[in-house]
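So the structure is just underneath, and the comments pick up after that.
The values are calculated or read from the model by the stated rules, or taken from the named source; none is laboratory data. All values derive from a computational prediction rather than experimental measurement. Every residue, glycine among them, receives a Cβ derived from its backbone with ideal geometry; neighbour counts consider all protein chains shown. Keep in mind that these areas ignore ligands, DNA and RNA; they rest on the heavy atoms of the full protein, side chains included. Shrake-Rupley method; radii C 1.70, N 1.55, O 1.52, S 1.80 Å.
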Amino acid sequence: MAAHGAQKVFGLFGGPGLAATGKGFAALGFRPGKLFAVIGGLFELLGGLGLALGLLTPLAAAALIGVMINAMATVTGAHGLWDTDGGVEYSVCITVVALAIAAIGPGRLAVDRLFRWGKGGWKEAAFALGLGGVAAAITLSF
């Protein structure tokens, strides 16, 4: 997900970059498109890095959950379940994995092990799901 966000924001890894991503977001109804492209791309980039490093894990999971809910609502939801048809399958998988990491907790070498939330649990999972859902709802309301 970090690489996917870097594609959007910086045009790395063969990605379209911010200008083209902004036009794509505008075509989906997000106004201003470039602002929402920055937000979505940074959430993917920072959420992906956070989960990979075990840094602020519940927050990183919430960022990815919110982005994936938006993706399902605006792009993939209309195409059914299976990814081969452009459906929600992949977005659901990312959402479930992010939620599971919030619940299980980061790995034993994670920075978060130094903090209270570093062991994961139901509270952390509920926080990630709730915050991701609220962020998605706010974004979709624009």
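Ordering Ile65, Ile94, Ile138, Ile101 by how much accessible area each has at a 1.4 Å probe, largest first, what is the list? Walk me through the numbers on the way to the answer.
Working: Ile65 0, Ile94 20, Ile138 90, Ile101 50 Å².
Result of the area sort, largest leading: Ile138, Ile101, Ile94, Ile65.
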**In sequence order, calculated HN-Hα J values of segment 40-54 (Karplus, 6.51, -1.76, 1.60; Hz; x Gly/Pro)** = x, x, 5, 4, 5, 4, 6, x, x, 5, x, 5, 5, 8, x
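Which value in deg cm²/dmol, rounded to the nearest 500, describes the helix-derived mean residue ellipticity at 222 nm for the chain, given -39,500 (n - 2.57) per DSSP H run of n ≥ 4 and division by the residue count?
Working: 6 runs with 91 residues, N = 142.
After summing the helix terms and dividing by the residues of the chain, the value is -21000 deg cm²/dmol.
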**Request:** Let me know the charge dipole size of the chain about its Cα centre in debye, to the nearest 20, where only the beta-carbon of Lys, Arg (+1) and Asp, Glu (-1) is charged.
**Result:** 420
**Choice from Leu131, Leu59, Leu109 with maximal GNM fluctuation in the chain (Cα, 10 Å cutoff)** = Leu109
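Please compute the contact order of the chain in relative form: average sequence separation of alpha-carbon pairs under 8 Å and at least six residues apart, divided by the residue count, as a percent. Walk me through the numbers before you get to the answer.
On the way: 246 pairs, mean separation 30.2, N = 142.
That works out to 21 percent.
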**Prompt:** Which net charge results when you count Lys and Arg as +1 and Asp and Glu as -1 among the other residues whose beta-carbon is under 15 Å from that of His4?
**Reply:** -1
**Asked** Which residues' amide hydrogens lie under 5 Å from the amide hydrogen of Gly80, considering only partners 5 or more residues apart or on another chain, with H built in the peptide plane?
**Response** Val88
**Request:** Work out from phi, with θ = phi - 60° and the Karplus expression 6.51 cos²θ - 1.76 cosθ + 1.60, the ³J(HN,Hα) of each residue of segment 99-104, listed in order in whole Hz, and give x for Gly and Pro.
**Result:** 5, 5, 5, 4, 6, 6
**Request:** In a Gaussian network model over the chain where Cα atoms closer than 10 Å are linked, find which of Ala128, Ala19, Ala37 has the largest mean-square fluctuation.
**Result:** Ala19
**Asked** Residue by residue through segment 117-126, which ³J(HN,Hα) values in whole Hz follow from phi under the Karplus form 6.51 cos²θ - 1.76 cosθ + 1.60 (θ = phi - 60°), with glycine and proline marked x?
**Response** 7, x, 9, x, x, 5, 4, 5, 5, 5
**Candidates Leu81, Leu53, Leu114: whichever shows maximal mean-square fluctuation once the chain is modelled as a Gaussian network with Cα springs under 10 Å** = Leu114
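Please compute the Kirkwood hydrodynamic radius over segment 2-122, one decimal place, Å, based on all pairs of different Cα atoms.
Details: mean 1/r = 0.0673 Å⁻¹.
About 14.9 Å, per the Kirkwood formula over Cα pairs.
Stretch Leu109-Ala20 to full length: gain in nm at 0.36 nm per residue minus the Cα-Cα span? Please report the intermediate quantities before stating the final value.
On the way: separation 89, 0.36 × 89 = 32.04 nm, distance 3.76 nm.
Stretched fully, the Leu109-Ala20 segment lengthens by 28.3 nm.
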